[in-house]
Amino acid sequence: MTAAGQYDGKRFIEVATEKKHDMLLITVDNSFDGILFQENGKIYSKKRQNKQEGIGILSMKKLCEKHGGASRFEAVGNRFQASFILKNEVED
């Protein structure tokens, strides 16, 4: 929300979910200024002085690991894309 709110262009946040078999896929895309601070596969927060991952990215990585899943973060132009896959542990 912070990145989309600070962007001067068309602002958006898009969230989608899909359940397949025993997995849950969540995607969150948002607008941002197109500038990523990253090194060695880590995306660093612009809000912190030191090179540290943002709380949101770090939290989602840990959540995915805890639930047998994975996460992916990437930028395409002014779109930041976050994808998460989690093992669905809830019975239907």
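Would you compute, from DSSP H runs of 4+ residues alone, the mean residue ellipticity of the chain at 222 nm, taking -39500 (n - 2.57) per run and dividing by the full residue count, rounded to the nearest 500? Before the final figure, lay out the partial values.
On the way: 2 runs with 17 residues, N = 92.
The helix contribution divided over the chain gives -5000 deg cm²/dmol.
If Rh is defined by the Kirkwood formula over all Cα pairs and Rg also comes from Cα, what ratio Rg/Rh do you get for the chain?
Ratio of gyration radius to Kirkwood radius: 1.01.
On a 29 Å Cα-Cα criterion, which of the cross-link pairs LYS10/LYS46; LYS46/LYS87; LYS20/LYS51 come out too long?
As for pairs spanning more than 29 Å Cα to Cα, those are LYS46/LYS87; LYS20/LYS51.
Have a look at GLN81, GLY56, ILE26 and report the one farthest towards the positive end of the charge dipole of the chain, computed about the Cα centre with Cβ charges (Lys/Arg +1, Asp/Glu -1).
Selected residue: GLY56.
Two decimals is fine: what is log10 I(q)/I(0) at q = 0.18 Å⁻¹ for segment 44-89, from a Debye sum with one equal scatterer on every Cα and no solvent?
Scattering profile of segment 44-89, log10 relative to I(0): -0.61.
Only Lys, Arg, Asp and Glu count, each charged at its Cβ (+1, +1, -1, -1), so figure out the dipole size of segment 48-88 about its Cα centre, rounded to 20 debye.
Roughly 80 debye, rounded to the nearest 20.
No value in this document is a laboratory result; all are computed from the given coordinates. Predicted model only: the values in this text are computed from it and were never measured. Reconstructed Cβ throughout: ideal geometry from the backbone, glycine too, with neighbour counts over all protein chains shown.
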